Amino acid sequence: AVLTFNDTIEYADADIRLYLMGKEPIFLKSITIVQEEGGGNQDEFSGKCGDNLYYTITPLPYNVYVWDLETSQSVEAPAYKLTITGTGDMYDYGWDENRAPWMEEYQENIAEIELPEGLTRVGNEAFDGCNNARIDRLPSTLKSIGFYAFSSMYWFTSDLHLPEGLTAIESRAFCYTSGIQNLYLPSTVTYIGDAALSGLWGLENFYVDEANTAYKSDGNAVIA
């Protein structure tokens, strides 16, 4: 049955009355509304992005500029926030197949990303090419960052402190990002993949914790 609620109708006894054409009314004491994944509010898109991780996309009160293939120019478009909740590892994604679920429709429209405490891995190519997306911090629980995870993004913070406990930064994880002037690597990082930290526009300095036995810093370079 499809229920249509009229805001102008009130029931003094607080019962729910279901009317079916040609039938006597059915009186319900309670009702449970189950929303299917991705359904409900047309301004909200949600689903799973890990065994215990979930994502929600909601509109923001401003616009971003995206590339219009038909006119070959930048045009204004609605901005959205991507919020991840839950704990554990994020799924790994790809560019041609198994793309992150927010990529197809919202890739350029995502303007803000929020990651939760409890997240332990950012998946491969999770946010690659979300070039309007901005992020200001990483959770302290993060252990690894997949390849191309944050490629071509913009960061709110000019000083990015990667969390203590992070052990692996995979290939091209941060390549071609901007907004970071000073990048701090913790003592726990033991693996940095090829070009993981290349092309960071505006970067001035790398800082590596003195307790790190795998890497050291020298100005704008990290040395193994």
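Annotations for the structure displayed:
- Residue within region 115-135 that is of a type in the set (K, R), modelled with pLDDT under 95, assigned to a loop (DSSP other than H, G, I, E, B) and open to solvent by 20 Å² or more (accessible area, probe 1.4 Å) present: no
- Search result, residues across region 143-162 that are of a type outside the set (G, A, S), buried (at least 17 other Cβ atoms within 10 Å of the Cβ) and part of a loop (DSSP other than H, G, I, E, B): F147, Y148, F150, M153, L162
- Exclusive hit being touching a Lys or Arg at 6+ places or on another chain (Cβ under 9 Å) and of a type in the set (S, T, N, Q), set S151, S187, S158, S178: S151
- Qualifying residue in region 194-209 (condition: farther than 22 Å from S152 by Cβ and open to solvent by 30 Å² or more (accessible area, probe 1.4 Å)): yes
- Meets criteria (of a type in the set (S, T, N, Q) and in contact with a Leu (Cβ under 8 Å, 6 or more places away or on another chain)) for T167: no
For (1) over 18 Å from E112 (Cβ atoms); (2) part of a loop (DSSP other than H, G, I, E, B); (3) at pLDDT 95 or above; (4) not aliphatic (A, V, I, L, M), each residue gets a yes or a no:
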position: E24; (1), (2), (3), (4): yes, yes, no, yes
position: S46; (1), (2), (3), (4): no, no, no, yes
position: Y80; (1), (2), (3), (4): no, no, yes, yes
position: G94; (1), (2), (3), (4): yes, yes, no, yes
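- When restricted to residues that are surrounded by 22 or more Cβ atoms within 10 Å (Cβ to Cβ) and polar (S, T, N, Q), region 96-108 contains 0.
- So L183, is it under 18 Å from the mean Cα position of the chain (by Cα), of a type in the set (A, V, I, L, M) and surrounded by 17 or more Cβ atoms within 10 Å (Cβ to Cβ): no
- Residue match in region 155-167 (condition: closer than 20 Å to I57 by Cα and within 18 Å of the chain's Cα centre (by Cα)): yes
The values are calculated or read from the model by the stated rules, or taken from the named source; none is laboratory data. Since we're looking at a predicted model, the values are computed, not measured. Because the Cβ atoms are built from the backbone with ideal geometry, glycine has one as well, and the counts that use them run over all protein chains shown. These area figures cover heavy atoms from the full protein model, side chains too; ligands, DNA and RNA do not enter into them. Shrake-Rupley method; radii C 1.70, N 1.55, O 1.52, S 1.80 Å.
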